[in-house]
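Only one structure is covered here, and it is reproduced in the block below.
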Amino acid sequence: MTAQIIDGKVIAAQVLGEVQERVTSLRGRGIEPGLVVVLVGEDPASVSYVRGKMRDAGEVGLRSETLRLPAETSQEDLLRLVHNLNEDPSWHGVLVQLPLPPHIDERAIILALKPEKDVDGLHPVNVGRLFRGEPGFVSCTPAGVIQMLLRSGFDPAGKHAVVCGRSNLVGKPLVGLLMQKAVGGNATVTVCHTGTPDLAAHTRQADILIAVMGRPGTITADMVRYGAVVIDVGVNAIPDASKKSGQRLVGDVDYAAVAEKAAAITPVPGGVGPMTRAMLMWNTVIAASGGPDGHIAPAHSVGAGHSRG
Ligand code: GUN
């Protein structure tokens with residue numbers, strides 16, 4: 001079997017097209033949707049991620065700005081800025097790029113964001129709403145993974161999803177979405193992590209296998225069931241002398257070997273990454289439209305909110 005490639009760039013372009021329509025409609029109502037990103041320091045990966053976010057925002061016609069602060073910015077100054085952005089009605093979405101320099105308490109900054117402007121879905125109120133099945137902002141990478149699955153015909157409903165990784169940014173919210181009684185959910189979910197003794201015994205059971213460990217090549221072909229759908233969230237820079245930069249990006253999955261067994265697989269780069277940015281734009285238009293309305297997914301699944309049970 002050679003896997004179908006789930007192309008994140010193509011699906012992200014679809015989502016961005018839908019976002020652009022919403023932006024046009026908001027403008028028609030006199031609302032100029034705005035996204036502001038705060039970047040502290042010069043971490044090269046963060047600089048590159050933020051540049052991508054700004055590019056996508058420009059493409060869909062969102063008003064956007066990056067506020068760049070020096071790495072030595074104090075926590076107090078950053079908190080003051082977040083408070084000001086919270087109160088500025090021209091910004092519907094506020095995102096503080098992570099990681100922050102070590103002298104700043106990330107939790108305090110996230111907690112300072114107004115949940116209704118937290119288009120990153122990281123505020124505990126939004127995380128709580130996600131797990132309770134209530135309307136709220138969902139963090140962008142997990143939301144993007146669910147969109148990729150739905151839009152490529154691999155609805156998680158009734159499937160066994162195995163999530164390898166339990167980060168606050170991706171693993172945990174992904175588990176919340178997959179187990180929810182809602183469109184994009186209704187899966188049976190296993191969560192594996194660094195404390196899981198026999199990882200392969202679990203991954204081999206997966207209909208949908210999602211790798212979020214941040215370690216290159218961790219998921220090898222022997223760990224994957226024939227016909228599984230494999231989503232690789234990992235982005236790891238490894239040395240490559242043939243590249244001008246001296247490195248290249250790979251995921252957590254041994255792509256070439258796993259693609260021989262899987263029914264479908266996401267590449268790195270060009271898989272989940274573009275979806276993360278597209279969902280950030282989506283969340284921003286939701287914020288500008290008056291806030292989360294209970295829909296976890298744009299377009300075809302509008303009308304499907306969370307429910308209990
Ligand atoms: N750093 C890497 N990914 C993300 C993200 O999705 N949101 C924020 N705020 N920082 C990140």
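When every alpha-carbon pair in the chain is counted, what percent end up more than 23 Å apart? Walk me through the numbers on the way to the answer.
Numbers: 26433 of 47586 pairs.
Every Cα pair in the chain considered, those over 23 Å come to 56 percent.
Using helices alone, I'd like the mean residue ellipticity at 222 nm for the chain: each DSSP H run of four-plus residues gives -39500 (n - 2.57), total over residue count, nearest 500. Before the final figure, lay out each step's value.
Values: 10 runs with 115 residues, N = 309.
The helix contribution divided over the chain gives -11500 deg cm²/dmol.
Could you tell me the relative contact order of the chain? Use alpha-carbon pairs under 8 Å, at least six residues apart, and round to a whole percent. Before the final figure, lay out the partial values.
Numbers: 658 pairs, mean separation 70.6, N = 309.
Here the relative contact order equals 23 percent.
In whole angstrom, how far apart do the alpha carbon centroids of region 130-176 and region 84-105 sit?
Centre-to-centre (Cα) distance: 24 Å.
Give me the net charge of Thr24's neighbourhood, meaning all other residues with Cβ under 12 Å from the Cβ of Thr24; Lys, Arg count +1, Asp, Glu -1. Kindly include the intermediate steps, with their values, before the conclusion.
Values: positive: Arg22, Arg27, Arg29; negative: Glu18, Glu21, Glu32.
Every neighbour counted, the sum reads 0.
With the cut-off at 1.5 for a/c, could you classify region 13-172 from its C-alpha gyration tensor as rounded, prolate or oblate? Kindly include the intermediate steps, with their values, before the conclusion.
Details: a/c = 1.65, a/b = 1.20, b/c = 1.37.
It is oblate, given that a/c is not under 1.5 and a/b is not larger than b/c.
Using Cβ contacts closer than 10 Å as the measure, can you line up Phe137, Phe131 from fewest to most?
Going from sparsest to densest Cβ surroundings: Phe131, Phe137.
Going down the table (Lys159/Lys181; Lys9/Lys244; Lys181/Lys261), which pairs top 21 Å between alpha carbons?
On the way: Lys159/Lys181 13 Å; Lys9/Lys244 24 Å; Lys181/Lys261 30 Å.
Those over the limit are Lys9/Lys244; Lys181/Lys261.
Listing Ile11, Ile6 from the residue with the fewest other Cβ atoms within 10 Å to the one with the most, what is the order?
On the way: Ile11 22, Ile6 25.
Ordered by Cβ neighbours within 10 Å, fewest first: Ile11, Ile6.
Order by neighbour count: Asp77, Asp254, fewest other Cβ atoms within 10 Å first, most last. All intermediate terms of the calculation are to be shown ahead of the outcome.
Values: Asp77 14, Asp254 19.
Going from least to most buried by this count: Asp77, Asp254.
Bear in mind that the values in this text are calculations on the coordinates, not laboratory data. Please read these numbers as outputs of a predicted model, since none were measured by experiment. For neighbour counting, all protein chains shown are included, and Cβ atoms are generated from backbone atoms with ideal geometry for every residue, glycine included.
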